Amino acid sequence: MKWPDKVTVKEVGPRDGLQNEKGSIATEDKIEWINQLSEAGYDYIEISSFVHPKWIPQLKDAREVAEGITRKEGITYAALVPNMKGLEVALETNVDEVSVFMSASESHNKNNINKTIEETYPVLEEVVKEAKSNHKPVRGYVSTVFGCPYEGNIPPSQVLEVSNRLFDMGIDELSLGDTIGVADPKQVDQTLHYLKDKLDFSKVAMHFHNTQGMALANVLVSLQHDISLFDGSLGGLGGCPYAKGASGNLATDDLVYMLDSMGIQTGIHQGKLLEAASYIQEKLGKALPSHQMQVNNRI
Ligand code: HMG
Ligand code: MG
């Protein structure tokens with residue numbers, strides 16, 4: 001097996017983690033938490049989402065969070081935007097980067113952003129163009145890459161089609177999401193094998209959810225395909241609206257622990273991660289599901 005010397009881990013907990021948590025966190029606590037994350041060695045933190053507050057009430061304070069955090073030099077503070085309305089506010093807050101998102105499956109796309117895939121392309125195209133003319137890099141997420149809660153398996157050709165359309169619009173990086181956490185290592189291997197000579201993997205991140213406990217195994221397979229960008233959510237924060245009681249995103253602290261153990265550099269400080277995880281755990285009033293936090297909570 002081949003292993004890289006270095007991997008980039010992007011923190012999405014303040015967005016993907018908190019959007020799926022039932023408990024609400026005060027704006028000033030989110031700000032304090034993101035400030036703590038800024039001291040942990042990340043170079044990328046996704047801080048919130050400029051979506052409709054009726055759809056994602058947990059992140060309705062995106063503007064206040066973006067304006068309230070202390071920005072540390074060298075860190076990209078990013079936020080999700082679904083359309084021009086979201087981008088407008090994101091630009092007013094001067095976030096460093098924006099992320100657009102859509103699904104590889106028709107029904108998830110419709111349920112998540114109220115548009116068909118075809119209807120979504122022109123919306124995102126305009127967002128990418130406007131973001132670029134404001135000198136903001138754009139990340140593109142594709143959801144339901146390894147399975148859809150409504151349609152089941154998604155052919156990799158469908159993932160490729162959506163990914164190509166996003167790259168054609170001018171996105172700088174693509175994040176492939178296992179939104180409901182159903183990917184297994186063999187499927188990840190087969191999908192990445194299919195995509196390998198069709199996409200530039202230096203611009204592709206993997207976004208795993210740990211619903212079935214397979215996220216780290218899926219990371220190991222991705223590393224074999226020269227993927228070196230991964231998204232994580234501290235403490236395994238978040239959940240899955242389609243699998244009651246299931247854990248959320250791949251936990252950043254478990255990912256960093258594994259990579260550290262393997263001698264793969266991330267630049268992230270595990271002790272500081274656990275301090276920040278303990279902080280948000282206390283604010284949420286429930287134990288976070290990551291292995292690292294389970295060990296930490298016993299000490
Ligand atoms: P819509 O209802 O179709 O929007 O929602 P619309 O354009 O018809 O407008 C309806 C109303 O919403 C209007 O207000 C707009 O102004 C307002 P009214 O005139 O009725 O008073 N509106 C907005 N308000 C605030 N912010 C906005 C905005 N846009 C319109 N940006 C929309 C379409 C996309 C807005 C809605 O479906 C939405 O907000 N969806 C959010 C879904 C979401 O955030 N899902 C989770 C993120 S994706 C994800 O988690 C996957 C990922 O993690 C990767 C993975 O795991 O695979 C990224
Ligand atoms: Mg996600």
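The values are calculated or read from the model by the stated rules, or taken from the named source; none is laboratory data. Everything numeric here is computed off the predicted structure, so don't read it as measured data. For neighbour counting, all protein chains shown are included, and Cβ atoms are generated from backbone atoms with ideal geometry for every residue, glycine included. Heads up: the accessible areas ignore ligands, DNA and RNA and are worked out on the full protein's heavy atoms, side chains in. Shrake-Rupley method; radii C 1.70, N 1.55, O 1.52, S 1.80 Å.
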Note on segment 23-150: alpha-carbon gyration tensor, axes a ≥ b ≥ c; rule is a/c under 1.5 for rounded, else prolate if a/b larger than b/c, else oblate; result prolate
Leaving out ligands, DNA and RNA, and with a 1.4 Å probe, what % of the accessible surface on segment 8-298 is carbon or sulfur?
48 percent
Of the listed pairs K30/K286; K115/K198; K60/K286; K132/K203, those with alpha carbons more than 19 Å apart are K115/K198; K60/K286
In whole Å, how far is the Cα centre of segment 252-286 from that of segment 30-63?
17 Å
Just the accessible area for E275, please: 1.4 Å probe, Å², rounded to the nearest 10?
130 Å²
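For the chain, what does -39500 (n - 2.57) per DSSP helix run (n ≥ 4), summed and divided by total residues, give at 222 nm, in deg cm²/dmol to the nearest 500?
So the calculated ellipticity at 222 nm is -12500 deg cm²/dmol.
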Among G238, I171, V188, whose Cα sits farthest toward the positive end of the charge dipole of segment 158-289 (+1 at Cβ of Lys/Arg, -1 at Cβ of Asp/Glu, about the Cα centre)?
G238
Accessible area per residue in Å² at 1.4 Å probe, computed on the chain
43 Å²
